Structure formats: structure tokens, C-alpha cells
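This report refers to the structure that appears directly beneath it.
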Amino acid sequence: MHRVVVIAAALACACGGKDDASPAPAGSGSGGSAPAKAVEAAGSGSGSAAAPAQTELALGDGETRHEPPVEIVWELPVGAVTATLVDVRATPSAPVSAHRLVVWGGGKRHVVVSTKVACDKGAELWKAPRQRVVLRCESNGPTESTADLWLVRWNDKKAYPTRYRHWQGLVDEREPKWAASPQPKTGKGRGQRTSWCCCEFRGEEDTDLLRAVELRSMCTGADLAGRCVAEAKCRNADD
């Protein structure tokens with residue numbers, strides 16, 4: 001009888017030790033340049049049935065994290081996700097030819113913006129009012145340096161991020177008000193443009209019809225494969 005009690009007590013101690021064990025620490029992130037940010041699955045609680053946190057960005061073919069890192073945690077009503085800029089190369093030894101803004105977390109990954117050229121003059125990512133984020137990409141051109149800004153918002157109905165506005169100008173040109181830049185530019189730039197339109201295009205699912213202010217060339221090109229519609233449709237969509 002004494003032996004049975006001792007064994008039972010030993011088993012109870014072993015089980016209790018396992019339940020009280022602390023979770024293993026998160027990894028150090030790709031390349032060792034910065035720790036990976038743990039992003040909880042959207043809508044997950046703190047109970048035992050919560051989905052595991054996604055701690056690492058899944059990179060596609062030809063993709064590497066941008067160095068220095070351009071990344072922010074984007075807090076949303078449904079939970080936190082991470083917006084990360086990645087570099088794109090045709091081959092591992094080739095120079096960076098373009099970039100992608102990837103929003104990821106909760107086991108999902110969304111490519112929201114794909115640049116046409118490399119941001120070889122610099123790239124920034126910041127938060128804008130109404131829980132939106134802005135990507136700024138500066139590029140060296142043959143005769144002048146230009147900047148592209150994309151405003152990204154979260155589509156609550158579809159539960160994924162979408163590009164909402166796009167602007168292009170000189171690097172020192174005054175940005176539009178929606179950019180809410182932390183370091184506003186003051187240059188006058190080129191003045192009024194007529195190459196923009198309210199673009200209607202399909203989202204990540206073929207049934208999703210989205211609208212955004214875009215360059216006409218990008219709207220009707222392979223990037224969005226959309227069409228230009230009345231400007232009022234974009235004004236009405238600005239909720």
C-alpha cells in the first residue's frame with residue numbers, strides 16, 4: 001500500500017510540473033536583424049482554445065525582408081496584424097527590382113501593394129488616422145527622383161486589407177492631406193495632374209468589387225486590370 005501511494009504522488013508531481021511549464025520563447029526572426037513579432041490570430045481570446053500566434057512571415061519565391069526593416073504592427077478591431085515591406089529579386093544574386101507590402105497575421109498573408117520599381121532612395125511606413133497605414137516609396141529616376149504613396153485600409157466586410165489611394169510626385173513635393181505624413185514635404189512639385197481616376201477593380205476574391213483613386217496606367221494595366229469610372233463613386237466610397 002505504501003508503494004502505491006508513493007508512485008501515485010510521483011505521477012501527480014510529474015503531471016503538475018508539465019501543466020505549470022512556461023511556453024518556449026519566440027524565435028529571433030529571419031536574418032537575425034530583429035526579433036519576430038508575435039501576431040495573435042484575429043479574434044482569438046486568452047482562453048485555452050485560442051489559435052496559436054503567427055510569429056514569422058512566410059516569404060514567397062524571390063522575396064526577402066527589406067533591410068533595414070520597414071514594418072509596423074497594425075492594431076485593428078478584429079486584432080493585430082503586421083505590415084511588412086519585402087524585396088523582390090528575379091534571382092538570389094540579382095539586385096532588388098521591386099517591393100511588396102505584405103499584411104500578415106492569424107495564419108493569413110495579403111499582398112496589398114506591388115511597386116513597379118525598387119525604392120532605392122528609401123521607403124517608409126506609418127499609421128494614418130482612422131486605422132489606416134501609408135507606404136512611401138522613393139525612387140531614383142533617370143532625370144528626377146520620385147515618390148509614391150499608397151493609403152491602405154482594412155475592409156471590415158471582407159476581413160482583409162485593400163489599397164485605397166495612390167499618389168505620385170517629386171520626392172520634395174507636398175503630399176496629399178490623406179497621407180498624414182509625420183514629416184510633411186513643402187515643395188510645390190509639378191502642379192495639377194490629369195492622369196488619375198477612380199479605379200474600379202476586383203479584390204482578392206473575384207466577387208469583390210473595390211474602388212480606389214489610382215493612376216490611369218496602373219488601373220487599366222496588369223497591376224489592377226480595372227477600369228476608370230465616375231469620380232463620384234470614389235467620393236461616395238470614402239467612409
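The values are calculated or read from the model by the stated rules, or taken from the named source; none is laboratory data. These numbers come from a predicted model, not from an experiment. Here the Cβ positions follow ideal geometry from the backbone for every residue, glycine too, while neighbour counts run over all protein chains shown.
For segment 63-81, which positions are under 19 Å from residue 162 (Cβ atoms) and crowded, with 19+ Cβ neighbours inside 10 Å?
Those that are under 19 Å from residue 162 (Cβ atoms) and crowded, with 19+ Cβ neighbours inside 10 Å: 74, 81.
Go through segment 67-101 and report how many residues are farther than 16 Å from residue 116 by Cβ, of a type outside the set (Val, Ile, Thr) and assigned to a loop (DSSP other than H, G, I, E, B).
Residues of segment 67-101 that are farther than 16 Å from residue 116 by Cβ, as a first pass: 67-84, 91-94.
Restricting the remaining residues to those that are of a type outside the set (Val, Ile, Thr) gives 67-69, 71, 74-77, 79-80, 83, 92-94.
When the remaining residues are screened for being assigned to a loop (DSSP other than H, G, I, E, B), the result is 67-69, 77, 92-94.
Residues meeting the conditions: 7.
Any idea how many residues of segment 116-129 are part of a loop (DSSP other than H, G, I, E, B) and within 20 Å of residue 183 (Cβ to Cβ)?
4
Out of all the residues in segment 138-171, which are in contact with a Pro (Cβ under 9 Å, 6 or more places away or on another chain) and outside any strand (DSSP E or B)?
156
Which number in (1) at pLDDT 90 or above; (2) not in a strand (DSSP E or B) marks the one condition that residue 184 misses?
For residue 184, the failing item is (1).
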